[in-house]
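Undergrad: Supplied in structure tokens, the structure appears directly below.
Just so you know, all these numbers are worked out from the coordinates, no wet-lab data involved. Keep in mind it's a predicted model, so treat the numbers as computed, not measured. Here Cβ is always computed from backbone atoms with ideal geometry, including for glycine, and neighbour counts include all displayed protein chains.
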Amino acid sequence: MYKIFTGKHKMKVGMSLGISPREPISHTVQVVQNAERLDFDSVWIADVQMSMKDCYIALALCAVNTSSIMLATGVTNPVTRHPTTLANGFTALNEVSNGRAIIGLGTGWTGVYSIGLKPAKIAYLEESINNINTLCSGGEVAGVDGKPYRLVTATGKIPIYVAANQPRILAMCGRVADGVILMGGANVEFTKWQMDHVRRGAEEVGRDFNEIKFDLWTNIAICDDRDQARDDVSHWVASQAETFNKWKQLPEFLVPFKEDFRRAGESYNRLEHMSSHASHKQSVSPEFIDYVALVGSAEECLERILELEALGLNGVTLAFRAGAGGRLARMEEINQGIIKHLK
């Protein structure tokens with residue numbers, strides 16, 4: 001029995017997914033159609049060109065085969081995709097979806113490192129965001145040659161949500177992003193720390209902090225067998241640990257997990273990024289899994305989400321392993337155990 005979940009909630013629930021090389025893109029469309037039917041508010045499809053199928057083809061197909069769910073990259077970057085290409089591509093997606101596009105943007109990680117490049121510097125990411133906004137709004141920006149250029153297909157600004165978890169990029173989000181994708185994990189301490197950095201960035205430029213949307217990304221496994229639940233999310237937790245291993249300075253609350261980060265950094269195979277079969281998923285401890293992921297019964301997971309909502313989050317986006325019964329069975333569990341109590 002659910003015992004506490006009454007009252008009004010503003011939390012929206014999204015779904016994060018990557019398209020496996022083994023998965024037909026047409027099946028992804030069916031997944032998104034089911035997500036819409038089960039009251040998910042958004043879907044975010046990963047842009048990792050060397051290990052997953054193309055997100056833009058999938059988003060376009062989803063746009064014409066759904067009617068209400070928001071459609072976004074989860075996430076793309078301005079290194080493998082030039083800002084002009086992003087502006088034009090999302091203008092098209094916004095057209096075919098009747099205004100349901102969101103630009104999910106980051107510095108680039110797996111998709112960039114896997115081809116020997118480096119993630120975008122924060123200054124370039126900020127410049128890219130400003131340029132995309134200007135281009136989509138019909139304005140002119142200066143090219144590297146100093147000459148102005150504009151997007152003749154422009155039809156209006158499209159929301160940009162930036163994936164972030166470290167202080168400098170969080171502060172940048174406070175200056176220019178419409179929304180922030182918080183990448184730390186489902187932990188109140190970590191999430192508050194991140195939001196505080198965004199607040200400082202907004203204050204730097206005199207921006208109203210309350211106009212910024214916050215969407216927390218985490219992995220979920222609803223299962224009364226906690227060990228099984230931990231195993232179901234361990235591939236995602238390992239990907240988080242591998243990113244934290246590159247931090248030059250860890251906040252105090254992450255220091256106890258330093259060995260998890262080292263093991264993940266040494267063992268991570270980018271060709272198995274987000275694969276539930278990846279060998280590197282063994283690198284993370286049960287303690288770190290419990291710290292960043294939603295594991296346990298539906299009631300336990302929902303309690304964690306409501307604790308996070310109290311910080312001022314606008315949404316939570318969930319990734320999950322298909323497991324027994326497939327992805328649809330997990331989506332129905334989330335609908336019954338989480339979404340119905342937040343609507």
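Undergrad: Provide a single number: the residues in region 138-149 that are part of a strand (DSSP E or B) and not acidic (Asp, Glu). So that I can check it myself, show each step before the final result.
TA: Within region 138-149, the subset part of a strand (DSSP E or B) is 140-142, 148-149.
Next, only the ones that are not acidic (Asp, Glu) stay: 141-142, 148-149.
Qualifying residue count, region 138-149: 4.
Undergrad: To continue, here is another question. State all residues of region 294-321 that are under 13 Å from residue 223 (Cα atoms) and in contact (Cβ under 8 Å) with a residue 40 or more places away in the chain; if no residue qualifies, say none. Lay out the reasoning, then the answer.
TA: Pass one, region 294-321, residues under 13 Å from residue 223 (Cα atoms): 294-302, 320-321.
The answer is 294, 295, 296, 297, 298, 299, 301, 302, 320, 321.
Undergrad: Quick one: count up the residues across region 114-139 that are more than 15 Å from residue 76 (Cβ to Cβ), surrounded by fewer than 22 Cβ atoms within 10 Å (Cβ to Cβ) and touching a helix residue (DSSP H, G or I) at 6+ places or on another chain (Cβ under 7 Å). Steps first, answer last, please.
TA: Of the residues in region 114-139, the ones more than 15 Å from residue 76 (Cβ to Cβ) are 116, 118, 121-123, 126-127, 130, 133-135, 137-139.
With the extra rule that they be surrounded by fewer than 22 Cβ atoms within 10 Å (Cβ to Cβ), the set shrinks to 116, 118, 121-123, 126-127, 130, 133-134, 137-139.
Still in the list and also touching a helix residue (DSSP H, G or I) at 6+ places or on another chain (Cβ under 7 Å): 118, 122, 126, 130.
Looking only at that region, the number is 4.
Undergrad: Those residues that are under 19 Å from residue 302 (Cα atoms) and of a type outside the set (S, T, N, Q), I need them from region 200-228; list them, please.
TA: Restricting attention to region 200-228, the residues satisfying the condition of being under 19 Å from residue 302 (Cα atoms) are 214-228.
Across region 200-228, the qualifying residues are 214, 215, 216, 217, 220, 221, 222, 223, 224, 225, 226, 227.
Undergrad: Return the residues of region 150-169 that are within 30 Å of residue 248 (Cα to Cα) and either of a type in the set (Val, Ile, Thr) or assigned to a helix (DSSP H, G or I) (or both); say none if nothing qualifies. Working first, answer last.
TA: First, the residues of region 150-169 that are within 30 Å of residue 248 (Cα to Cα): 160-169.
Matches in region 150-169: 160, 162, 167, 168, 169.
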